[in-house]
1. Can you tell me which residue is surrounded by the most Cβ atoms within 10 Å (Cβ to Cβ) among those in the stretch 14-32 that are touching a residue at least 24 places away in the same chain (Cβ under 8 Å) and more than 30 Å from residue 164 (Cβ to Cβ)?
2. Which ones in the stretch 112-153 are loosely packed, with under 14 Cβ neighbours inside 10 Å and more than 16 Å from the chain's Cα centre (by Cα)?
3. Among the residues of the stretch 199-215, how many are part of a helix (DSSP H, G or I) and under 14 Å from residue 91 (Cα atoms)?
4. Mind checking which residues of the stretch 188-198 are assigned to a loop (DSSP other than H, G, I, E, B) and within 25 Å of residue 98 (Cβ to Cβ)?
5. Can you find, within the stretch 73-101, the residue that is nearest to residue 184 (Cα to Cα) among those that are in contact with a helix residue (DSSP H, G or I) (Cβ under 6 Å, 6 or more places away or on another chain) and modelled with pLDDT under 95?
6. If you check residue 10 against the conditions, is it modelled with pLDDT of 95 or more, surrounded by 19 or more Cβ atoms within 10 Å (Cβ to Cβ) and under 13 Å from residue 109 (Cβ atoms)?
7. Condition first: in contact with a strand residue (DSSP E or B) (Cβ under 9 Å, 6 or more places away or on another chain) and either on the phi > 0 side of the Ramachandran plot or modelled with pLDDT of 85 or more (or both). Now tell me which residues in the stretch 20-60 satisfy that.
8. Is it the case, given these coordinates, that residue 164 is under 17 Å from residue 105 (Cα atoms), touching a helix residue (DSSP H, G or I) at 6+ places or on another chain (Cβ under 6 Å) and free of Cβ contacts under 8 Å to residues at least 24 places away in the same chain?
């Protein structure tokens, strides 16, 4: 491969959780007096976590976020953790086909427990020795570049020799700022028309609409 390590975002890259999660967010907001479509939710909140996610929600509704929202999110997360989420098409086969010695890591805004559970659902838990969370491993999560730089250091590979696979504008912003080779992946159900152009405008090195295209880019 033309890089020495791979850094994978998780939600929306390996599993279809971006669509499912934002559909739930939009449904809750709409039912509570803030009409929001799934696409609007993805445009506003995709890739954010922690305080940044809450701040974006509060800007959208124009005030403090009710406690009931967190309870609804927790209930949905618990259901999804039990039942699993579908893979993004071709994700598992791509990961299983990587050279065994190729360093790779997950770099996600989600918690490590969330990532580990869903990797297990996909049968990929053993494929990743390194899982890094923007909530747990760095002070500044995405869109800061810190998480990617942290992962590269942990793998012992210069960031310039890492390929980063990202799907969200928030993630792509941080990945590009890190100095890695960024592939904007538009293979998930959440990637509407024009998504690739948004990622190109941020500065990704290439856009792929499938994992076959990712493989060709990295060969």
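1. 29
2. Of everything in the stretch 112-153, those that are loosely packed, with under 14 Cβ neighbours inside 10 Å and more than 16 Å from the chain's Cα centre (by Cα) turn out to be 120, 123, 126, 129, 139, 153.
3. Looking only at that region, the number is 5.
4. Scanning the stretch 188-198 gives 188, 189, 190, 191.
5. Step by step, filter the stretch 73-101, then rank; the result is 85.
6. yes
7. Across the stretch 20-60, the qualifying residues are 21, 47.
8. No: the conditions fail for residue 164.
The values are calculated or read from the model by the stated rules, or taken from the named source; none is laboratory data. Keep in mind the model is a prediction, meaning the values are calculated, not measured. As a convention, Cβ positions derive from the backbone with ideal geometry for all residues, glycine included, and neighbour counts pool all protein chains shown.
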